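The values are calculated or read from the model by the stated rules, or taken from the named source; none is laboratory data. Given the structure is predicted, the values throughout are model-derived calculations rather than measurements. Please note: Cβ atoms are built from the backbone with ideal geometry, for glycine as well, and neighbour counts cover all protein chains shown.
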Amino acid sequence: MAKIILGFAGMPGAGKGTAANYIKEKYGASMFRFSTVLSDIIKRLSLPVNRENLIKLSEILRHGFGEDILAHVVESDALSDSSDVVVIDGVRRINDLSGLEPLSQFKLVAIDAPPEIRYRRLINRGERAGEKDMTWEQFQAEEKAPTEVTIQPVMERAAYKINNSGDLDALFAQLDKMMAELRAQPRV
């Protein structure tokens with residue numbers, strides 16, 4: 001079987017990580033994140049791996065080496081991976097697509113849910129510091145942050161759109177349907 005490379009885009013709490021983990025578990029996918037490269041560098045510098053440092057390093061690298069620098073690293077990692085299915089979690093910027101969109105194996109997947117549902121998920125999971133105590137107003141303000149406003153234009157370019165407003169069974173059924181369609185397509 002030819003390789004399938006999936007890029008997941010979506011706002012915080014939409015279910016990208018849940019979808020990526022499902023594809024990893026059910027279809028044996030390898031998983032990559034744009035933030036992995038940044039985390040590796042931050043660790044090598046003996047700095048705390050936190051959101052502030054991830055954003056700062058991302059800005060430095062993009063400014064110094066081009067807006068698509070991380071896209072080429074992720075593209076190289078995905079292509080050199082031995083798995084038939086690769087998931088790239090957290091495509092956030094149009095420039096993140098520069099190395100991926102030209103690949104015949106690549107499909108961008110937008111995962112979306114209404115803001116109210118995403119807010120409830122964020123405070124329930126408490127993955128990042130302060131999420132459990134986040135107010136609705138703070139959530140709305142974060143949605144307008146420079147790191148977040150770039151996501152919707154990326155999502156508009158998606159080949160597949162997953163509505164994650166329901167339960168896990170509904171999400172998984174949509175992902176299974178997508179995978180069946182992708183596996184049925186002839187590969188170059």
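Annotations for the structure displayed:
- Flag if residue 158 is surrounded by fewer than 15 Cβ atoms within 10 Å (Cβ to Cβ) and either part of a helix (DSSP H, G or I) or touching a Leu at 6+ places or on another chain (Cβ under 8 Å) (or both): no
- Residues within region 102-120 that are among the charged types (D, E, K, R) and buried (at least 18 other Cβ atoms within 10 Å of the Cβ), tallied: 3
- When residue 100 is tested against (1) within 14 Å of the chain's Cα centre (by Cα); (2) modelled with pLDDT of 95 or more, just one condition goes unmet, and that condition is (2).
- Checking residue 149 against (1) assigned to a loop (DSSP other than H, G, I, E, B); (2) within 16 Å of residue 9 (Cα to Cα); (3) touching a residue at least 24 places away in the same chain (Cβ under 8 Å), the condition it does not meet: (3)
- Qualifying residue in region 12-28 (condition: surrounded by 15 or more Cβ atoms within 10 Å (Cβ to Cβ) and more than 14 Å from the chain's Cα centre (by Cα)): yes
- The one condition in (1) within 30 Å of residue 172 (Cα to Cα); (2) touching an Asp or Glu at 6+ places or on another chain (Cβ under 8 Å) that residue 36 fails to fulfil: (2)
- Checking residue 141 against (1) of a type in the set (A, V, I, L, M); (2) farther than 21 Å from residue 24 by Cα; (3) not in a helix (DSSP H, G or I), the condition it does not meet: (3)
- Exactly one residue out of 30, 80, 35 is among the hydroxyl-bearing types (Ser, Thr, Tyr) and without any contact (Cβ under 8 Å) to a residue 40 or more places away in the chain, and it is 80.
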